[in-house]
Amino acid sequence: MPGTPLPKSFKRFEGLMGQLRALDADADVKIKFTSNWDVWQGSNYDPAVWLRLEWDAAVRYPDGTVDIVDFKTGKRYDGKNDDQLEVYALSAFIKYKAPVVTTRLWYLDSGLETVGPDDNRKPYTIDQMVPLLNKWNQRANAMLNATSYPPRPNKFCEYCPVSSLKGGPCAEG
């Protein structure tokens, strides 16, 4: 809201926040999809809702391009948000019929801004929509049709409450 002071956590991005305001960015954008990737206008908890997304900010330009911003806290993990950025771009292609989507991560603690997956500074283009749609349908179908859930040990096992490291039943971590 214009004239509202920024929270301290946004101080490192004060200039960019001003730009978002000047561009009349949409804030706290919530999008729901059915399993056919149709935008759902009903309740969040309707059985038809298959995917819920929330962008912290989005700017829609007159040429149809969309700029999506997601706020992050903590440190950056290389490549760990690329899946999230792909789904955000795919959702903008569908919701807004955007020809080009740029994704940005603003790391509020450090002041770091990354643009595009792995900070490659490249936007997503509409020719990527069908491959992304196929990729995410395949991943979702594999997950939704799974009948076994083997553990995948990783560096975060030490924080997991079911890890054997914490006295839990998981022998993998």
Checklist line | All positions within segment 89-116 that are in contact (Cβ under 8 Å) with a residue 40 or more places away in the chain, among the hydrophobic types (A, V, I, L, M, F, W, C) and open to solvent by 10 Å² or more (accessible area, probe 1.4 Å) | finding: ILE94, LEU108
Next item on the list: Go through (1) surrounded by 15 or more Cβ atoms within 10 Å (Cβ to Cβ); (2) at positive phi one by one and return the number of the condition ALA57 breaks.
Entry: (2)
Next item on the list: For segment 21-28, indicate whether the set of residues that are part of a loop (DSSP other than H, G, I, E, B), surrounded by 12 or more Cβ atoms within 10 Å (Cβ to Cβ) and out of contact with any Pro (no Cβ under 6 Å at 6 or more places or on another chain) is non-empty.
Entry: yes
Checklist line | Any chance GLU86 is surrounded by 11 or more Cβ atoms within 10 Å (Cβ to Cβ), under 28 Å from ASP28 (Cα atoms) and touching a residue at least 60 places away in the same chain (Cβ under 8 Å) | finding: no
Next item on the list: Please verify whether segment 65-77 includes one or more residues that are assigned to a strand (DSSP E or B), out of contact with any helix residue (DSSP H, G or I) (no Cβ under 6 Å at 6 or more places or on another chain), open to solvent by less than 30 Å² (accessible area, probe 1.4 Å) and in contact (Cβ under 8 Å) with a residue 60 or more places away in the chain.
Entry: no
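The values are calculated or read from the model by the stated rules, or taken from the named source; none is laboratory data. Owing to the predicted nature of the structure, the values given are computational and were not obtained by experimental measurement. Using ideal geometry, Cβ is built from the backbone for each residue, glycine included, and neighbour counts are taken over all protein chains shown. Calculation scope for accessible area: heavy atoms of the full protein, side chains included, ligands and nucleic acids excluded. Shrake-Rupley method; radii C 1.70, N 1.55, O 1.52, S 1.80 Å.
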